[in-house]
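The values are calculated or read from the model by the stated rules, or taken from the named source; none is laboratory data. This structure is a prediction, so every number in the text was calculated from the model and none was measured. When we count neighbours, we look across all protein chains shown, and the Cβ atoms used for this are built from the backbone with ideal geometry, even at glycine.
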């Protein structure tokens, strides 16, 4: 079992599924000859040919539209968008057509498309390269939204996304692409969608997070353990639909909830989680719910990204506050 980075795990998931399912195709800007802007598709065109790994013009709306046409005609396209901030031209195709295909045809057609894109900041890129727009996609019925937090989960969740009969928005935390290596078996085994992953058992407070913030949250939990605080850490993984049952079960045990995400605070997915816990788990809470998030501004450039993205210190402070109330 080899140790691989997240980007290598994503590449392996592509290769496995393409080797075992001839209907899987890849399209996007520079995905063929250059292997993608982050090299997620490197080597795939050489292995599977230009008919199955297709370079496209710089036209995100066209990429999404082509993927829809392919999917309705029996293919399983994986479309790469170079950066999440470039997704806006494709939103009409994704929300008006891709998400509605099953409902529009009363189940006669499905739309098994995966739209992959880098998510979040931390790589000090220019404007439009560090967006966290997961709430925008989660708000649209008919779309499944997935965000892995490790190489192993990227591999297993991408396989599950490709095999799903309906469209999946697959968000890849850019600052995790090459941050760590993990043992990942290239065995074609998918991980379940629509479930939280309990990464750490705890009894004092539940922390719910996803994507790149998982590693920061786990570091905070380790630090707090030294202070005698027992944190239960849940990796949301599938951001829509949310596995509320696991969250409510954890809150019933710990009595406290902290939600951590990189996206702006206003109307974020954290607000939906907080509202659901308030509706269905209010009497289990011993203290108000805390949110640790990005700010309601555009991601700042360069080194200021580090001040925008929630830090381990901000997470530990929020946990201490909820324990003090």
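Summary of computed values
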read-out: Complete set of residues in segment 37-57 that are crowded, with 22+ Cβ neighbours inside 10 Å and more than 21 Å from residue 183 (Cα to Cα); value: 53
read-out: Top-ranked residue in segment 282-303 [being surrounded by 12 or more Cβ atoms within 10 Å (Cβ to Cβ) and under 16 Å from residue 124 (Cβ atoms); ranked as modelled with the lowest pLDDT]; value: 301
read-out: Some residue of segment 16-34 being touching a strand residue (DSSP E or B) at 6+ places or on another chain (Cβ under 9 Å), in a helix (DSSP H, G or I) and either assigned by TED's automatic domain parsing to the domain that holds residue 171 or over 20 Å from residue 118 (Cβ atoms) (or both); value: yes
read-out: Boolean, residue 18 is crowded, with 19+ Cβ neighbours inside 10 Å, closer than 21 Å to residue 144 by Cα and over 21 Å from the mean Cα position of the chain (by Cα); value: no
read-out: Conditions (1) touching a residue at least 40 places away in the same chain (Cβ under 8 Å); (2) surrounded by 22 or more Cβ atoms within 10 Å (Cβ to Cβ); (3) not in a helix (DSSP H, G or I): number failed by residue 3; value: (2)
read-out: Residues of segment 269-310 satisfying the condition of being farther than 19 Å from residue 128 by Cβ and assigned to a loop (DSSP other than H, G, I, E, B); value: 281, 285, 286, 287, 288, 289, 310
read-out: Selection status of residue 278, over 17 Å from residue 196 (Cβ atoms) and in contact with a helix residue (DSSP H, G or I) (Cβ under 7 Å, 6 or more places away or on another chain); value: no
read-out: Subset of segment 164-202 (residues that are closer than 18 Å to residue 135 by Cα, touching a helix residue (DSSP H, G or I) at 6+ places or on another chain (Cβ under 8 Å) and assigned to a loop (DSSP other than H, G, I, E, B)); value: 167, 193, 195, 196
read-out: Test result for residue 262, within 14 Å of the chain's Cα centre (by Cα), on the phi < 0 side of the Ramachandran plot and at pLDDT 95 or above; value: yes
